[in-house]
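Participant: First the structure, then my questions, so here it is.
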Amino acid sequence: MIELDALRSQAESCTACRLAETRTNVVFGVGRPDSTLMFVGEAPGRNEDLQGEPFVGAAGQLLNRLLAEVGIPRETVYIANVLKCRPPGNRDPQPDEIDACKGYLRQQIRLIRPRVVVTLGNFATKLLLNTTAGITRLRGTAYPWWLGSTLIPTFHPAAALRGGPRVLDQMREDFALMRRTLDSAAEAEPPPTPAPEPYQATLWG
Ligand code: URA
């Protein structure tokens, strides 16, 4: 898609925050620009920074496995992060970095127009739902969201790698909810009407 390619070029020369000084590659996003399903993670890690693709390390392997378990190949989805550049040492994204970067994510979502957006972990969930509530409280529910989509928050795969089977089981529940939501969105014609308040109006604060 031409507009998405143009946005990628713009991001690749971005110097809007300090992370431009330490990155190897801008990690813009990967996948099908016409996908009905989009994942939003936190920020590139070391492997992602080196390869220029999101979720290629251990967390990415788990994401691929959870997708495969609900019958969805990674190649058919779109994957992006809140931050397009790696924070040094994988520290948390800083508020000014998120502010500087969130316009790229907003445009990606607007251009791809997925039916279902899955946020992985606290940073993506708090930004897109414009909330301070934590992922443990928010997960397990499908939220009507922007542009008629549905947002499903779940844990970050790295949390499941650290947190063990309980977190993994909850992620499996959330992926099953995602699959059901996608299936019913595919049946629903015409496309859903714009999301009701509060998620639409408050988006991107
Ligand atoms: N963690 C993320 O949040 N994103 C990646 O791309 C990799 C690890």
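Participant: For the chain, set up a Gaussian network in which alpha carbons nearer than 10 Å are linked by springs, and say which option among ALA133, ALA43, ALA142 fluctuates the most.
Facilitator: ALA133
Participant: Next up: If we count other beta carbons within 10 Å of each Cβ, what is the order of MET171, MET1, fewest first? Before the final figure, lay out each step's value.
Facilitator: Values: MET171 23, MET1 12.
Going from sparsest to densest Cβ surroundings: MET1, MET171.
Participant: Here's another thing I want to ask about it. Which stretch or stretches of the stretch 13-32 have amide N atoms under 20 Å from the point lying 7 Å from ASP96's Cα along the Cα→Cβ direction?
Facilitator: Output list for this probe position: 14-23.
Participant: For ALA188 and ALA142, FRET efficiency with R0 = 22 Å and r from the beta-carbon atoms, rounded to 0.05?
Facilitator: Numbers: r = 13 Å, r/R0 = 0.61.
Efficiency, from the Cβ-Cβ distance: 0.95.
Participant: Go ahead and run the numbers for FRET between ALA6 and THR76, Cβ-Cβ distance against an R0 of 35 Å, rounding to 0.05. The partial results should precede the final answer.
Facilitator: Details: r = 23 Å, r/R0 = 0.67.
Efficiency for this residue pair is about 0.90.
Participant: What residues from the stretch 144-168 fall in the zone where the backbone N is under 18 Å from a label point 7 Å along the Cα-to-C-beta line of ALA58?
Facilitator: Residues 155-168 qualify, since their backbone N sits under 18 Å from the label point.
Participant: Tell me what the chain gives for mean residue ellipticity at 222 nm when only DSSP H runs of n ≥ 4 count, each as -39,500 (n - 2.57), the sum divided by the residue total, rounded to 500 deg cm²/dmol. Walk me through the numbers before you get to the answer.
Facilitator: Numbers: 8 runs with 89 residues, N = 205.
After summing the helix terms and dividing by residue count, I get -13000 deg cm²/dmol.
Participant: Additional query: Could you work out how far apart the two model spin labels at ASN130 and GLU173 are, taking each label as a point 7 Å from the Cα in the direction of the beta carbon, and quote it in nm?
Facilitator: For the pair ASN130/GLU173, the computed spacing is 2.8 nm.
Participant: What is the local net charge at THR125, summed over the other residues whose Cβ is closer than 11 Å to its Cβ (Lys, Arg +1; Asp, Glu -1)?
Facilitator: +2
Participant: So which helices of the chain fit the span-like rule, where a helix is a whole DSSP H run, its Cα atoms reach 30 Å or more along the axis, and its mean Kyte-Doolittle is at least -1.0?
Facilitator: On the way: long enough: 165-187 (33 Å, -0.63).
The answer, listed by residue number, is 165-187.
Participant: If you take every DSSP beta bridge fully contained in the chain, what fraction is antiparallel? Give it as a percent rounded to 5. The partial results should precede the final answer.
Facilitator: Details: 4 of 17 bridges.
So the antiparallel bridges in the chain amount to around 25 percent.
Participant: Related question: Under the classification rounded if a/c is under 1.5, otherwise prolate if a/b is larger than b/c and oblate if not, where does the chain fall, given a ≥ b ≥ c as square roots of the Cα gyration tensor eigenvalues?
Facilitator: In terms of gyration-tensor shape, rounded.
All of the numbers you see were taken from the coordinates with simple rules; none came from a lab. Values in this document were obtained by computation on a predicted structure and should not be read as measured data. No Cβ is skipped: glycine too gets one built from the backbone with ideal geometry, and neighbour counts run over all protein chains shown.
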